[in-house]
1. Just to be sure I understand: with springs between alpha-carbon atoms less than 10 Å apart, which residue in 96, 77, 33 has the highest mean-square fluctuation in the Gaussian network model of the chain?
2. Give, in nm to one decimal, the length gained when the segment between residue 90 and residue 60 is fully stretched (0.36 nm per residue of separation minus the Cα-Cα distance).
3. Sticking with the crude label model, points 7 Å out along Cα→Cβ, report the distance from residue 21 to residue 79 in nm, one decimal please.
4. Can you pull the one-decimal nm distance between simple spin-label points at residue 33 and residue 102, each 7 Å off the Cα toward Cβ?
5. What's the Cα-based Rg to Rh of the chain, Rh via Kirkwood?
6. Suppose a student asked you for the relative contact order of the chain, using Cα pairs under 8 Å spaced at least 6 residues apart; what percent would you report?
7. Using 7 Å Cα-to-Cβ label points, what is the residue 114/residue 46 separation (nm, one decimal)?
């Protein structure tokens, strides 16, 4: 469990290095501790998954996709609120519906504003520990 004075850990999984670094910087400036990963596989190898209060997750990744990672985490009973981010077209909202139906807290299309992401992360962190 986190102590009251210890900032929440937000994990970022995005294979695009420039965006991953920008997200890290933004979230750090908002007071979060960040664990950044370039792939779902790398995230799953993180030794302290139970400390993650929120996951900012790209929908389309090399290897395991964002939706597949969401399914795998559910099967592992790893309850981490997810904020999906994507540049992928979702004209009929099917990807968004699928992600949200499976428990994602937010689904943001790139480009999104800093405040939009921060609000989604705050909301996700508020869900941390709820199943």
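1. Maximum fluctuation in the GNM of the chain, among the listed residues, is at 77.
2. Details: separation 30, 0.36 × 30 = 10.80 nm, distance 1.22 nm.
Stretched out fully, the residue 90 to residue 60 stretch lengthens by 9.6 nm.
3. 3.8 nm
4. According to this spin-label approximation, the distance is 2.8 nm.
5. Working: Rg = 13.5 Å, Rh = 14.6 Å.
Using Cα coordinates only, the ratio equals 0.92.
6. Working: 201 pairs, mean separation 30.2, N = 131.
Averaging sequence separation for qualifying contacts and normalising by length gives 23 percent for the chain.
7. Reported label-point gap for residue 114 and residue 46 is 2.2 nm.
All of the numbers you see were taken from the coordinates with simple rules; none came from a lab. From a predicted model like this one, the values you see are computed outputs, not experimental measurements. Backbone-built Cβ (ideal geometry, glycine too); neighbour counts: all protein chains shown.
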